[in-house]
Structure formats: structure tokens, C-alpha cells
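Bear in mind that the values in this text are calculations on the coordinates, not laboratory data. Since the structure is predicted, the reported quantities are computational estimates derived from the model, not experimental observations. In this analysis, Cβ positions are derived from the backbone assuming ideal geometry, glycine residues included, and neighbour counts consider all displayed protein chains.
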Amino acid sequence: MRKIKEILRLKHENGLSLRKIGVCCNLNSSTVSDYLARAKIAGISWPISDDMDDETLENLLFPKNLTTKRIVKEPDFQAIRQELRKKGVTLQLLWVEYKELNSEGYQYSRFCELYQQWKKP
């Protein structure tokens, strides 16, 4: 949490850019940006009150209950195998159709990997 406090201090007291803060804290500028965005959402500004300990700060910036599990519809591999037997049908074409119906579905490489695993006896 020391780095988060330092990021907030460098941003609000010194007005440094994300890149300069990243160099000072040995972090990527995208990480600095993420921490500052989290602090803004949590309503944390500089200076941080003395009664806020590291655990409280961490819980505010990284709440445990915000983790969501992505629900992915599994492809119908039996139907995929049937379709692949048809002339001109490729796994990539079937994946495109799968993604049109399931925008949150697997990316092509994972789709192929899962199909290959399913195919094995």
C-alpha cells in the first residue's frame, strides 16, 4: 500500500504525469492509471487521513465482492464435428458462428484447443 500512497502523493502534491510517477515507483504507467482510477472511484483523495490503515485502504481500492465470474457458453462439440464433415466447413467458420451467438465466448485459439481435447478418446 506504500506505493499507492506514494502514487497519490506524487499525483496530487507534485502533479507528475502517469509516466513520471511510474518511473518513480517502478511501475507501468497503466498500473499507475489503474490505481488512480480505483482511488477516485473509492473517493480517496490526498492527503489520506491518518486513521486509514493499509488494510482499510486495500479493501477500498480492491473490494473482494467485485470479482465476477465470466459465464461462457460451452460450444456443442458434437454438432461441430457433424458440421466439419460437410464440404467447405472449417473450424474457423464454425468459431465465427459461435462468436456471433456468444459474444463473451471463447477466442479462436481456446475454442480450437477445447475441440482438440474433446476429440481425444
Review point. For the peptides 76-88, 22-34, what is the packing order when you average, over each peptide's residues, the other Cβ atoms within 10 Å and list the highest mean first?
Key: 22-34, 76-88
Study note, to complete from the structure: For region 97-105, in residue order, the Karplus 3J(HN,Hα) values (coefficients 6.51, -1.76, 1.60; θ = phi - 60°; whole Hz; Gly and Pro = x) are 5, 4, 5, 5, 8, 9, 4, 8, x
Point to revise | Between 0 and 90°, nearest 10: helix 108-119 axis offset from the chain longest Cα axis | key: 50 degrees
**Study point:** For the chain, convex hull volume per residue from C-alpha positions, Å³
**Key:** 175 Å³
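What value, in deg cm²/dmol to 500, does the helix sum -39500 (n - 2.57) over DSSP H runs of n ≥ 4 give at 222 nm once divided by the residues of the chain?
-17500 deg cm²/dmol
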Practice item. Kindly count the pairs of lysines across the chain whose alpha carbons are less than 18 Å apart, treating pairs on different chains or eight or more residues apart as eligible. Key: 10
